[in-house]
Amino acid sequence: MAVPKDKVAGEHSSMKLSPWCLALFLFDAAAFLYLQLFIFPCKPIFLPNDSLIWLQDARAMVDGKILYLDLFQITFPGIQVILAAVIKALGPRVWLPNAILVLLGTFTAWLTTVISKRVISGQSALLPAFLLLSFEFSAWHVVSHHWFSTLAAMAAILVALEKRSAGRIGVVGALCGLAAWFTQTEGALVLLAFAVFVLWECQRMGKAWRPVILKLVYLFAGFILVLGLGVGYFVWKAGPREFIYSTFIFPVKYAPAWVEVNTYRVYLGSLLGLRAWEVVPLLFVYAAIPWVYLYFFLAYMRQRDGAPSEAWDRLMLVNIAGFSLFVSVAPAPAWIRLCTVSPPAWIVLIWLLRNSTRRISRAVVNFLWIAGVLCAATILLKTFRHEQLLRADLNLPAGQTAFLDTGAYDEFKYLAARTSPSDYFFGGRNVHFYFPLGLRPPSRISYVIPNDWTRPGEVSDLIAGLERHRARYVLWQLMLDNVPEHTAGGENLVPLRAYLHEHYHVTKIFSGSNDQLWERNE
């Protein structure tokens, strides 16, 4: 994929993307997301994923709980604070994650396109955002802190793309601090990426070191100021020791014990369980990240002499920042995490293809357009088909919602008839019931895992909470009893199992999932 020297800036200076075309594209993007997440006109489709962890934390914070002290969490507090503010304003409604995803996806598509059109001409500037939405449609069903961090990182790239005065670099540092407020590793690594870029630009342009040092001071000062304001309250309320343990020590020491989620084994293993029409588009993501970044570095080394420096500066900024986003998720590169850090990769890939001298590169661009259209059409047709065949509606305490999974519908219907909002309940490994039904976990953890992720002290606190609050129901999954022999900490749940057998009995086994509902004896 050779890149001719005289075309590095040529794409940017040719045909531009019209505002009307961009507006129409963003309208279509919002409609595409909306039709996946809502049944027209306004009924939300239930999303049984990690979105409900953040929503439950946020609702508990609105009720007066303190993050890290009363609620177990290992990320910085950004997403919980945002969701708590939304819940405070609109109430704990089941449609909130769906609406947030429509807005988040549309805004991310806009930022991606605005950056893209600075280096890619014409309608091809829309292709990175189009692939982001179509190939990664499954990722747009999850409200993730990674999406918010990437959004802040993309905003930082946009600020620094054309001009890099000390003031702008200070804003970039603030946006990196905002990214870290959602995901500490992502924000910190993007900050380092901008520092590397500033030093690279200084060396390339032969600039004096004094203004460069000033820029670095502004960069780090903006980062520290914003991040300090974002986490200071929680450090004060939870205490420095608890905050540091939760957000630094635990992720390093115990998170890797959850091998299926938090280690390199999740790279391809996370695709298991997905259907073929969900996996195939994600293979494009795996093919692009991180290889496109590495290829760009090689292309730069070959073509940098004689190429316009302004174009290389813009592209190098996108590439270095994008590579840092990948590095932030590299220790546990699940497909969802790769998707959330992918926007810069799509921009770099399309630029490389559009500027290649090889005829096949143009054919690949056309193929990507066609593949994206087919993927978008497939997901909409599949969604509409599932709505016709599987849809079942329930009126829950958090509002009416549509279920496309009969197993989840049966469990929610059964529990909704036997619980009331504010009841204490424990879902085993399942966190999906708390927010929609208005239930409360009896301790600061909302789920358990049969490994060292769930610490013995948390198990003891959970047992004490079940006893103190006399929680009527506990949902238990068979996988919590089937612990692999090599799993560290697998016996941490032994006291909890013993407590359940002594004080509870199985009252219902759900046929769809084989989950057991245990009811208190007294």
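The values are calculated or read from the model by the stated rules, or taken from the named source; none is laboratory data. Bear in mind that the values here come from a model prediction, so they are computed numbers and not experimental data. Here the Cβ positions follow ideal geometry from the backbone for every residue, glycine too, while neighbour counts run over all protein chains shown.
Of the residues V252, V280, which single one is out of contact with any Leu (no Cβ under 8 Å at 6 or more places or on another chain) and either more than 30 Å from V231 (Cα to Cα) or not assigned by TED's automatic domain parsing to the domain that holds F367 (or both)?
Being out of contact with any Leu (no Cβ under 8 Å at 6 or more places or on another chain) and either more than 30 Å from V231 (Cα to Cα) or not assigned by TED's automatic domain parsing to the domain that holds F367 (or both) holds for just one of V252, V280, which is V280.
This table checks each residue for (1) of a type outside the set (S, T, N, Q); (2) buried (at least 21 other Cβ atoms within 10 Å of the Cβ); (3) under 24 Å from the mean Cα position of the chain (by Cα); (4) within 30 Å of L493 (Cβ to Cβ).
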{"position": "V364", "(1), (2), (3), (4)": "yes, no, no, no"}
{"position": "R385", "(1), (2), (3), (4)": "yes, no, no, no"}
{"position": "N395", "(1), (2), (3), (4)": "no, no, no, no"}
{"position": "L404", "(1), (2), (3), (4)": "yes, no, yes, no"}
{"position": "Y409", "(1), (2), (3), (4)": "yes, no, no, yes"}
{"position": "Y424", "(1), (2), (3), (4)": "yes, no, no, yes"}
{"position": "N430", "(1), (2), (3), (4)": "no, no, yes, yes"}
{"position": "P442", "(1), (2), (3), (4)": "yes, yes, no, yes"}
{"position": "W453", "(1), (2), (3), (4)": "yes, yes, yes, yes"}
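Looking only at residues in region 403-421 that are at pLDDT 95 or above and small (G, A, S), which one is farthest from F510 (Cα to Cα)?
S420
Exactly one of (1) in the same structural domain as V143 (by TED's automatic domain parsing); (2) modelled with pLDDT under 95 is unmet by H386. Its number?
(1)
Exactly one condition in (1) surrounded by fewer than 22 Cβ atoms within 10 Å (Cβ to Cβ); (2) assigned to a helix (DSSP H, G or I) is false for T357; which is it?
Answer for T357: the failing condition is (2).
Kindly list the number of the only condition in (1) assigned by TED's automatic domain parsing to the domain that holds L439; (2) of a type in the set (V, I, T); (3) within 29 Å of L282 (Cβ to Cβ) that fails for T419.
Exception for T419: condition (3).
Look at S149 and say whether it is crowded, with 23+ Cβ neighbours inside 10 Å, in the same structural domain as A345 (by TED's automatic domain parsing), touching an Asp or Glu at 6+ places or on another chain (Cβ under 6 Å) and not in a loop (DSSP other than H, G, I, E, B).
yes
What is the number of the single condition among (1) crowded, with 23+ Cβ neighbours inside 10 Å; (2) of a type outside the set (D, E); (3) within 22 Å of the chain's Cα centre (by Cα) that I169 does not meet?
If we test I169 against (1) crowded, with 23+ Cβ neighbours inside 10 Å; (2) of a type outside the set (D, E); (3) within 22 Å of the chain's Cα centre (by Cα), just (3) comes out false.
Taking the condition of being of a type in the set (A, V, I, L, M) and over 16 Å from V448 (Cβ atoms), how many residues in region 491-507 meet it?
Taking region 491-507 and keeping what is of a type in the set (A, V, I, L, M), we get 493-494, 496, 498, 500, 506.
From what is left, the residues that are over 16 Å from V448 (Cβ atoms) are 506.
Residues that pass the stated criteria total 1.
Scan region 258-272 for residues that are over 19 Å from T454 (Cα atoms) and assigned to a loop (DSSP other than H, G, I, E, B) and report the count.
Residues flagged as over 19 Å from T454 (Cα atoms) and assigned to a loop (DSSP other than H, G, I, E, B) within region 258-272 amount to 5.
Can you name the condition, by its number, that W453 falls short on among (1) part of a loop (DSSP other than H, G, I, E, B); (2) modelled with pLDDT of 95 or more; (3) of a type in the set (A, V, I, L, M, F, W, C)?
So the condition that W453 fails would be (2).
Being assigned to a loop (DSSP other than H, G, I, E, B) and modelled with pLDDT of 95 or more narrows it down to one residue among Q73, Q80; which is it?
On inspection, the qualifying residue turns out to be Q73.
Within region 431-451, which residues are of a type in the set (S, T, N, Q) and within 18 Å of V259 (Cα to Cα)?
Hit for region 431-451 is N451, nothing else.
For region 158-191, which positions are in contact with a Lys or Arg (Cβ under 9 Å, 6 or more places away or on another chain) and closer than 17 Å to G322 by Cβ?
L158, V159, A160, L161, V172, listed by residue number.
Please pick out the residue among E186, E201, E136 that is of a type in the set (D, E), in the same structural domain as A58 (by TED's automatic domain parsing) and closer than 30 Å to I249 by Cα.
E186
Just checking, which of K163, K237 is surrounded by fewer than 24 Cβ atoms within 10 Å (Cβ to Cβ), out of contact with any His (no Cβ under 6 Å at 6 or more places or on another chain) and not in a helix (DSSP H, G or I)?
Only one candidate passes the filter, namely K163.
Hey, among the residues in region 117-139 that are of a type in the set (G, A, S) and part of a helix (DSSP H, G or I), which one's surrounded by the most Cβ atoms within 10 Å (Cβ to Cβ)?
The selected residue is A125.
Consider F435 carefully, then state whether it is on the phi < 0 side of the Ramachandran plot, buried (at least 20 other Cβ atoms within 10 Å of the Cβ), of a type in the set (F, W, Y) and not assigned by TED's automatic domain parsing to the domain that holds D63.
For F435, the condition - on the phi < 0 side of the Ramachandran plot, buried (at least 20 other Cβ atoms within 10 Å of the Cβ), of a type in the set (F, W, Y) and not assigned by TED's automatic domain parsing to the domain that holds D63 - is met.
Suppose we filter V102, V142, V114 for residues that are surrounded by fewer than 24 Cβ atoms within 10 Å (Cβ to Cβ), of a type in the set (A, V, I, L, M) and touching an Asp or Glu at 6+ places or on another chain (Cβ under 7 Å); which single one remains?
V142
Which numbered condition in (1) in contact (Cβ under 8 Å) with a residue 24 or more places away in the chain; (2) within 27 Å of D405 (Cβ to Cβ); (3) of a type outside the set (A, V, I, L, M) is the only one that S422 fails?
(1) is the only condition that S422 fails.
Please determine whether any residue of region 499-512 is under 29 Å from the mean Cα position of the chain (by Cα) and surrounded by fewer than 18 Cβ atoms within 10 Å (Cβ to Cβ).
As a first pass, look at region 499-512 and keep what is under 29 Å from the mean Cα position of the chain (by Cα): 512.
Imposing the further condition that a residue be surrounded by fewer than 18 Cβ atoms within 10 Å (Cβ to Cβ) reduces the set to 512.
Checked region 499-512: at least one residue is under 29 Å from the mean Cα position of the chain (by Cα) and surrounded by fewer than 18 Cβ atoms within 10 Å (Cβ to Cβ).
Condition test on A156, is it more than 14 Å from L317 (Cβ to Cβ), buried (at least 24 other Cβ atoms within 10 Å of the Cβ) and of a type outside the set (D, E, K, R)?
Against the criterion (more than 14 Å from L317 (Cβ to Cβ), buried (at least 24 other Cβ atoms within 10 Å of the Cβ) and of a type outside the set (D, E, K, R)), A156 does not qualify.
Where the second residue is at pLDDT 80 or above and the first is among the charged types (D, E, K, R) and lies in region 196-208, which pairs have Cβ atoms under 7 Å and are six or more apart or on separate chains?
That search, which allows pairs on different chains as well, returns E201/D313.
So which residues in region 20-64 are more than 20 Å from the chain's Cα centre (by Cα), in contact (Cβ under 8 Å) with a residue 40 or more places away in the chain and part of a loop (DSSP other than H, G, I, E, B), if there are any at all?
Hit for region 20-64 is C42, nothing else.
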